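Engineer: The following block contains the structure, expressed as C-alpha cells.
The values are calculated or read from the model by the stated rules, or taken from the named source; none is laboratory data. These numbers come from a predicted model, not from an experiment. Using ideal geometry, Cβ is built from the backbone for each residue, glycine included, and neighbour counts are taken over all protein chains shown. Just so you know, the surface numbers come from the protein's heavy atoms only, side chains and all, with ligands and any DNA or RNA stripped out. Shrake-Rupley method; radii C 1.70, N 1.55, O 1.52, S 1.80 Å.
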Amino acid sequence: MIIEAVLRGTPSLGTDRGGIPEAIGGAGIVLPQMAGPQMWVDAIRTTDHDILGEQARQEATRLARPRLPDLEALGIYPAANAPST
C-alpha cells in the first residue's frame, strides 16, 4: 500500500520494521516500532501533508519513470501518444 500511496502523491506513515522505511523513503514519516498511539496521532496531526505529498509524487516519478517504456512495450501502461478510450 505504501508504493500505491506514493504513486498517488500521498505521504505514508509507518514503522521502522522490514522494508517499510525503504518504501516510504523521504516521502513520509517512519516511527519507531514501539511507538504508541499518541505518537501516531501526533505525527498525523503535525505533518505537512501537502509538502510530503509532493515529495511522495517526486519520489514515485523518480522510481517509476525509468520503467514506463518497459511497461508500454509489455502493453501494461498505455503510451503517452496512444488514443484515449
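Engineer: Being surrounded by 15 or more Cβ atoms within 10 Å (Cβ to Cβ) and either of a type in the set (Asp, Glu) or in contact with a Lys or Arg (Cβ under 6 Å, 6 or more places away or on another chain) (or both) is the filter here; which residues of the range 24-38 pass it? Explain how you work it out, then say what you get.
Structural biologist: So in the range 24-38, the residues surrounded by 15 or more Cβ atoms within 10 Å (Cβ to Cβ) come out as 24-25, 27-31, 35.
Once the filter is applied, which keeps residues that are surrounded by 15 or more Cβ atoms within 10 Å (Cβ to Cβ) and either of a type in the set (Asp, Glu) or in contact with a Lys or Arg (Cβ under 6 Å, 6 or more places away or on another chain) (or both), the range 24-38 yields nothing.
Engineer: Where the second residue is surrounded by fewer than 14 Cβ atoms within 10 Å (Cβ to Cβ) and the first is part of a helix (DSSP H, G or I) and lies in the range 44-56, which pairs have Cβ atoms under 9 Å and are six or more apart or on separate chains?
Structural biologist: Close Cβ pairs (under 9 Å, with a partner that is surrounded by fewer than 14 Cβ atoms within 10 Å (Cβ to Cβ)) amount to Leu52/Gly26; Gly53/Arg8; Gln55/Gly26; Ala56/Arg8; Ala56/Gly26.
Engineer: Considering only the range 39-60, how many residues are of a type in the set (Asp, Glu), surrounded by 11 or more Cβ atoms within 10 Å (Cβ to Cβ) and more than 13 Å from the chain's Cα centre (by Cα)?
Structural biologist: Kept after step one, since they are of a type in the set (Asp, Glu), are these residues of the range 39-60: 42, 48, 50, 54, 59.
With the extra rule that they be surrounded by 11 or more Cβ atoms within 10 Å (Cβ to Cβ), the set shrinks to 42, 54, 59.
Now drop any that are not more than 13 Å from the chain's Cα centre (by Cα), which leaves 42.
Result for the range 39-60: 1.
Engineer: Identify all residues within the range 8-22 that are open to solvent by 100 Å² or more (accessible area, probe 1.4 Å) and either farther than 21 Å from Met39 by Cα or among the aromatic types (Phe, Trp, Tyr) (or both); write none if there are none. Walk me through how you get there before you give the answer.
Structural biologist: From the range 8-22, those open to solvent by 100 Å² or more (accessible area, probe 1.4 Å) are 8, 17, 22; that's our starting set.
Result: Arg8, single match.
Engineer: Hey, another quick one. For the range 61-85: of the residues being of a type in the set (Val, Ile, Thr) and open to solvent by 100 Å² or more (accessible area, probe 1.4 Å), which is modelled with the lowest pLDDT?
Structural biologist: From the range 61-85, those of a type in the set (Val, Ile, Thr) are 61, 76, 85; that's our starting set.
Subsequent filtering for residues that are open to solvent by 100 Å² or more (accessible area, probe 1.4 Å) retains 76, 85.
Numbers: Ile76: 80, Thr85: 54.
So, considering only residues that are of a type in the set (Val, Ile, Thr) and open to solvent by 100 Å² or more (accessible area, probe 1.4 Å), the one modelled with the lowest pLDDT is Thr85.
Engineer: Cβ contacts < 8 Å: first residue over 19 Å from Arg62 (Cα atoms), restricted to the range 16-36; second residue part of a helix (DSSP H, G or I) and of a type in the set (Phe, Trp, Tyr), any location; separation 6+ or different chain. Result?
Structural biologist: Cβ pairs passing all conditions: Leu31/Trp40.
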